[in-house]
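Novice: Below: one structure in structure tokens.
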Amino acid sequence: MPRTRFNRILLKLSGEALMGEGQFGIDPGTTSRLAGEIKQAVEAGHVLCLVVGGGNIFRGLAGAAQGFDRASADYMGMLATVMNALAMQNALEKIGVQTRVLSAIPMATISEPYIRRRAIRHMEKGRVVIFAAGTGNPYFTTDTAAALRAAEMGCDALFKGTSVDGVYDADPKKVEGAKRYDSVSFQQVLTDDLKVMDASAVALCRDNDIPIVVFNIREQGNLARVLSGEGTATIVSNKE
């Protein structure tokens, strides 16, 4: 049975999604493929905004574990997300998709500052808005930034593109026979610690009734299939 078709969405991509088959950095071929899928979604009538992580370049928690001051490490991670946002902007504009990067940390030379009303206006004009630099504050993940921006932009759903095809009761890469959910409640995700997103992001989506759609972004064409209500994915919502 087809799922609900969401129109206005925030797409959350991990930094690792931009690496392709590499172990670090940004793969131009992968960013071009993702840009093509986003363009297809826009042409299908969806209104999109994006949040991209920075783990392919620098991860704040990992830096803190290696001796960096946590706040400084998080700011470094935020700068990594700006690099990824500019890479996605470049890939999108090469194929004719109007794009704006709005950064929570002001960087007037390369991006616009994040202003909620400005972001909404860009989306009303059909532009893809890429939110960079997380929330602009340390100790918050890009998952939380994605949930926050989804709420601020009035999105119908938050789509999280990962390397697996949904939410499982255990890590399917480590546990043979792990069970995949077609749908699961926010409460179960939090109670069972299912690792969909960090707890603050899940709670924010729960409180604002924004479903989280978890799907495999590495599978070519999957974004379009899931957006159309088909394809393999897990929907996390307030429904039991």
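The values are calculated or read from the model by the stated rules, or taken from the named source; none is laboratory data. In this text the structure is predicted, and so the values were computed from the model without any measurement. A quick note on method: Cβ atoms are made from the backbone with ideal geometry, for glycine too, and the neighbour counts reach across all protein chains shown. Ligands, DNA and RNA are excluded from the accessible area calculation, which covers all protein heavy atoms including side chains. Shrake-Rupley method; radii C 1.70, N 1.55, O 1.52, S 1.80 Å.
Novice: Ala87 is checked against (1) of a type outside the set (D, E, K, R); (2) open to solvent by 10 Å² or more (accessible area, probe 1.4 Å); (3) not in a helix (DSSP H, G or I) and fails just one. What number does that condition carry?
Specialist: Of the numbered conditions (1) of a type outside the set (D, E, K, R); (2) open to solvent by 10 Å² or more (accessible area, probe 1.4 Å); (3) not in a helix (DSSP H, G or I), the odd one out for Ala87 is (3).
Residues checked against (1) of a type in the set (Gly, Ala, Ser); (2) closer than 18 Å to Thr142 by Cα; (3) touching a residue at least 40 places away in the same chain (Cβ under 8 Å):
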{"residue": "Pro172", "(1), (2), (3)": "no, no, no"}
{"residue": "Glu176", "(1), (2), (3)": "no, no, no"}
{"residue": "Ser183", "(1), (2), (3)": "yes, no, yes"}
{"residue": "Phe186", "(1), (2), (3)": "no, no, yes"}
{"residue": "Val189", "(1), (2), (3)": "no, no, yes"}
{"residue": "Asp192", "(1), (2), (3)": "no, no, no"}
{"residue": "Met197", "(1), (2), (3)": "no, yes, yes"}
{"residue": "Arg206", "(1), (2), (3)": "no, yes, no"}
{"residue": "Asn238", "(1), (2), (3)": "no, no, yes"}
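Novice: Just checking, which of Ala71, Ala65 is open to solvent by 10 Å² or more (accessible area, probe 1.4 Å), over 24 Å from Cys155 (Cβ atoms) and either under 14 Å from the mean Cα position of the chain (by Cα) or in contact (Cβ under 8 Å) with a residue 40 or more places away in the chain (or both)?
Specialist: Details: Ala65 fails: either under 14 Å from the mean Cα position of the chain (by Cα) or in contact (Cβ under 8 Å) with a residue 40 or more places away in the chain (or both).
Only one candidate qualifies: Ala71.
Novice: Within the range 147-155, is there a residue that is open to solvent by 20 Å² or more (accessible area, probe 1.4 Å), in contact with a Leu (Cβ under 6 Å, 6 or more places away or on another chain) and in a loop (DSSP other than H, G, I, E, B)? Break it down into steps so the answer makes sense when it comes.
Specialist: Going residue by residue through the range 147-155, those that are open to solvent by 20 Å² or more (accessible area, probe 1.4 Å) are 148, 151-152, 154.
From what's left, in contact with a Leu (Cβ under 6 Å, 6 or more places away or on another chain): none.
Within the range 147-155, none of the residues are open to solvent by 20 Å² or more (accessible area, probe 1.4 Å), in contact with a Leu (Cβ under 6 Å, 6 or more places away or on another chain) and in a loop (DSSP other than H, G, I, E, B).
Novice: I would also like to ask the following. May I ask you to list the residues in the range 19-50 that are of a type in the set (D, E, K, R), open to solvent by 50 Å² or more (accessible area, probe 1.4 Å) and not in a loop (DSSP other than H, G, I, E, B)? Lay out the reasoning, then the answer.
Specialist: Here is the first cut: in the range 19-50, the ones of a type in the set (D, E, K, R) are 21, 27, 33, 37, 39, 43.
Restricting the remaining residues to those that are open to solvent by 50 Å² or more (accessible area, probe 1.4 Å) gives 21, 27, 33, 39, 43.
The answer is Arg33, Lys39, Glu43.
Novice: Okay, moving on. Suppose the filter is at pLDDT below 95, in contact with a strand residue (DSSP E or B) (Cβ under 7 Å, 6 or more places away or on another chain) and under 24 Å from Val213 (Cα atoms); does Gly20 pass it?
Specialist: Numbers: at pLDDT below 95: yes; in contact with a strand residue (DSSP E or B) (Cβ under 7 Å, 6 or more places away or on another chain): no; under 24 Å from Val213 (Cα atoms): yes.
The answer is no for Gly20.
Novice: Out of Val226, Val189, Val184, Val202, report the one residue that is in a strand (DSSP E or B) and surrounded by 17 or more Cβ atoms within 10 Å (Cβ to Cβ).
Specialist: On the way: Val226 fails: in a strand (DSSP E or B); Val189 fails: in a strand (DSSP E or B); Val202 fails: in a strand (DSSP E or B).
Just one listed residue meets the conditions, Val184.
Novice: Hey, among Lys174, Lys160, which residue is open to solvent by 10 Å² or more (accessible area, probe 1.4 Å) and in a strand (DSSP E or B)? Spell out how you get there, then give the answer.
Specialist: Numbers: Lys174 fails: in a strand (DSSP E or B).
Only one candidate passes the filter, namely Lys160.
Novice: Being out of contact with any strand residue (DSSP E or B) (no Cβ under 7 Å at 6 or more places or on another chain) and among the aliphatic types (A, V, I, L, M) is true for just one of Ala133, Ala44. Which residue is that? Talk me through it step by step, then tell me what you get.
Specialist: Details: Ala133 fails: out of contact with any strand residue (DSSP E or B) (no Cβ under 7 Å at 6 or more places or on another chain).
Just one listed residue meets the conditions, Ala44.
Novice: Continuing with this model, one more query. Name every residue in the range 86-128 that is in contact with a Lys or Arg (Cβ under 6 Å, 6 or more places away or on another chain), in contact (Cβ under 8 Å) with a residue 24 or more places away in the chain and more than 17 Å from Glu43 (Cβ to Cβ), in order of residue number.
Specialist: Arg100, the sole residue that qualifies.
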